[in-house]
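Down below is the structure, laid out as structure tokens.
The values are calculated or read from the model by the stated rules, or taken from the named source; none is laboratory data. Note that the structure is a prediction, hence the values are computed from the model and not measured. Here the Cβ is made from the backbone with ideal geometry for all residues, glycine too, and neighbour counts use every protein chain on show.
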Amino acid sequence: MKKKIGTLLLLLTGMYAGAQVPEEALRLSWRPVSGTARNQAIGGAMGSLGGDATASLVNPAGLAFFKTSDFVITPGLQFTKGKGNFRGTDNTGKHSSGFDLGTSGFVFGGMGYKARNSYSITVTRTANFNQTVSYKGQNDYSSFAEPLADEFAASGLTIDQALNSNNITLPTKMALYTYLVDTATIGGNTQVIARSEFTPLLNQEHISTIKGGITEINFGWGHEINRKWMAGVSVGVPIMNIDRNTYYRESDASGNTDNDFNYMAYRENYSMKGVGLNLRGGLIYRPKEYIRIGLAFHSPDMMVGTETFNSGFATDVEKLFAPNSGYDSVASSTITGNNAEQYKYSTYTPGRIILSASYVFREVENIERQKGFITADIEYTNYKWMKFGSAEEETSGTKEYYKPFNQAIDAIYKSAFNVRVGGELKFKILMARLGFAWYGNPYKDKTLKANRMNLSGGLGYRHKGIFVDLTYVHRINKDVNFPYRVNAPRANTFAAVKETKGTALLTVGFKI
């Protein structure tokens, strides 16, 4: 169904049937580098360093440093807790934990003409979406029903016509069905009303539980052109799986039991599964033996996904139907005629450009004599490059359909720089590592404060063809969450969300 940009922006939070909204595009795009324990210990910087299986995910030219073959496996555990602040009220979410998988697989080094080629086959959990977003507070300014009433009023339709129209969003239909949004005669004129706006103060609560992530199968190739130049390319197949359960509730906080509104509640169960393709390429230049300069380019992740969802809506309008109860509810299947709605479409994450430099202490071919390194990546990406499109052959009609969605992305997001730095000191067979990563704010609106910061450290062991790396990454993610959006010039209210994640990774590897 076609929707204008204004209607789309009102329903950005997922309270709309489907995920073709900017927040879901950002979820797939705004994510840190994942890799082996060694790579994560140094902040994820791998644009010029090489010699690690993670190179195929950052700069595949780094595979050319392999002169022997490795097998690595990187299991991990992740611990998450979050909190939100909504209109001055703090709320702490539930603690959660789960399994993680860093880069695991094979690197075949020193192959081909004069042993200048290296190849890799790896599997990595490149995005872990497991989190609970929870907040609540009191609001005397706006209501979830306000944009739904605005949409119905702007349509010019009767209630019966709106319930059967393809141009009215599902939440608005459900609000009409349960009498949260209705028409009333006021001062002799028929007007559209939202009953929750009759109360001067509302309790509002939002809980969203998300599980799943993106697991990428990657095929890489690195080539040593000569002693100074390395080149490489890799092809990735990202496999996406997301499950999200959302609950939103609004209730009368005024104490008035006769204003035709007690509470409303909305619940949505959503699932997204898909598969895609990406391409990475890069160069590494060594002007001196101990200096490495890297340049890498990442194509967008081009993914085709199928989303499935169902939802429910309930409203209690107190004594409106006296002497009967004022409670009414509806399932999405009642309105759509299906048990679950499905949509299939394509998504494109933004491409990336990475510039990197490394300094290796005592750079010699025999890595056992190297004493350590410092390395840094600067990554540029533009979140306005995110895009929705048709899963089928693109036509002028499909371009027009997805145009409002992509214009909304362009209106909300901007470009950002991400920085990753790290270092290692080597003590014969033991290594100590530290790292830091910063992912900049993707939002154009300066009032929306968001960033991601990783602090990491780890230890490594290398001896007789066996290597073991242990790393801990402390992640602090700051973002915003909108329970709903209202029409301009009215201001939108949002929650400031802070998530703290602790990830422990263990890489075990063997020379083969």
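Points to keep in mind about this one:
- Failed item in (1) buried (at least 17 other Cβ atoms within 10 Å of the Cβ); (2) in contact (Cβ under 8 Å) with a residue 60 or more places away in the chain; (3) closer than 30 Å to L176 by Cα, with G305 passing the rest: (3)
- Test set (1) surrounded by 16 or more Cβ atoms within 10 Å (Cβ to Cβ); (2) in a loop (DSSP other than H, G, I, E, B); (3) of a type in the set (K, R) - K319 fails condition number: (1)
- Failed item in (1) touching a Phe, Trp or Tyr at 6+ places or on another chain (Cβ under 8 Å); (2) at pLDDT 90 or above; (3) more than 27 Å from H206 (Cα to Cα); (4) not polar (S, T, N, Q), with F144 passing the rest: (3)
- Strands (runs of 3 or more DSSP E) contained in segment 405-497 and holding at least 3 residues exposed (fewer than 15 other Cβ atoms within 10 Å of the Cβ) and at pLDDT below 95: none
- Each residue in segment 118-134 was checked for being in a strand (DSSP E or B) and either modelled with pLDDT of 95 or more or touching a helix residue (DSSP H, G or I) at 6+ places or on another chain (Cβ under 8 Å) (or both), and 10 pass.
- Answer from L277, L283 - the residue that is touching a residue at least 12 places away in the same chain (Cβ under 8 Å), touching a Gly at 6+ places or on another chain (Cβ under 9 Å), part of a strand (DSSP E or B) and surrounded by 15 or more Cβ atoms within 10 Å (Cβ to Cβ): L283
- Any pair with Cβ under 8 angstrom, 6 or more apart, that starts in segment 165-183 at a residue that is on the phi > 0 side of the Ramachandran plot and ends at one that is surrounded by fewer than 22 Cβ atoms within 10 Å (Cβ to Cβ): Y179/L320; Y179/D328
- Just one of (1) touching a Lys or Arg at 6+ places or on another chain (Cβ under 6 Å); (2) surrounded by fewer than 24 Cβ atoms within 10 Å (Cβ to Cβ); (3) not aromatic (F, W, Y) fails for G82. It is (1).
- Matching residues in segment 89-135 - criterion: being under 13 Å from T209 (Cα atoms) and of a type in the set (V, I, T): T132, V133
- Sole exception among (1) farther than 21 Å from G509 by Cβ; (2) among the hydrophobic types (A, V, I, L, M, F, W, C); (3) touching a Leu at 6+ places or on another chain (Cβ under 8 Å) for F86, by number: (3)
- Members of segment 236-249 that are in contact with a Lys or Arg (Cβ under 8 Å, 6 or more places away or on another chain) and more than 30 Å from T158 (Cα to Cα): G236, M240, N241, I242, D243, R244, N245
- Some residue of segment 434-441 being without any contact (Cβ under 8 Å) to a residue 40 or more places away in the chain and within 20 Å of S358 (Cβ to Cβ): yes
- Consider segment 187-222 and keep the residues that are in contact with a helix residue (DSSP H, G or I) (Cβ under 6 Å, 6 or more places away or on another chain) and either of a type in the set (F, W, Y) or part of a strand (DSSP E or B) (or both). The one that is surrounded by the fewest Cβ atoms within 10 Å (Cβ to Cβ) is V192.
- Filtered residues of segment 401-432 (kept if within 18 Å of S346 (Cβ to Cβ) and without any contact (Cβ under 8 Å) to a residue 40 or more places away in the chain): K403, N406, D410
- The set of residues from segment 147-156 being surrounded by fewer than 16 Cβ atoms within 10 Å (Cβ to Cβ) and either modelled with pLDDT of 95 or more or in a helix (DSSP H, G or I) (or both) comprises A153, A154.
- Residue check, E250 buried (at least 22 other Cβ atoms within 10 Å of the Cβ) and modelled with pLDDT under 95: no
- The residues of segment 223-243 that are surrounded by 22 or more Cβ atoms within 10 Å (Cβ to Cβ) and either in contact with a Phe, Trp or Tyr (Cβ under 6 Å, 6 or more places away or on another chain) or not charged (D, E, K, R) (or both), listed by number, are M230, G232, S234, G236, P238, M240, I242.
- Looking only at residues in segment 81-114 that are β-branched (V, I, T) and part of a strand (DSSP E or B), the one that is farthest from the chain's Cα centre (by Cα) is V107.
- Figure legend. Inter-residue proximity from segment 465-485: first residues on the phi > 0 side of the Ramachandran plot, second residues in a strand (DSSP E or B), beta-carbon distance below 6 Å, spacing 6+ or different chains. Indicated pairs: G465/K511.
- Checked across segment 214-221, the condition of being of a type outside the set (A, V, I, L, M, F, W, C), at negative phi and at pLDDT below 95 holds for no residue.
- Annotation note: Cβ proximity below 6 Å between a residue of segment 341-358 that is over 27 Å from E394 (Cα atoms) and a residue that is among the β-branched types (V, I, T) and buried (at least 19 other Cβ atoms within 10 Å of the Cβ) (sequence gap 6+ or interchain) occurs for S358/T375.
- Hits in segment 110-164 (condition: in contact (Cβ under 8 Å) with a residue 12 or more places away in the chain, β-branched (V, I, T) and more than 30 Å from T54 (Cα to Cα)): V133, I159
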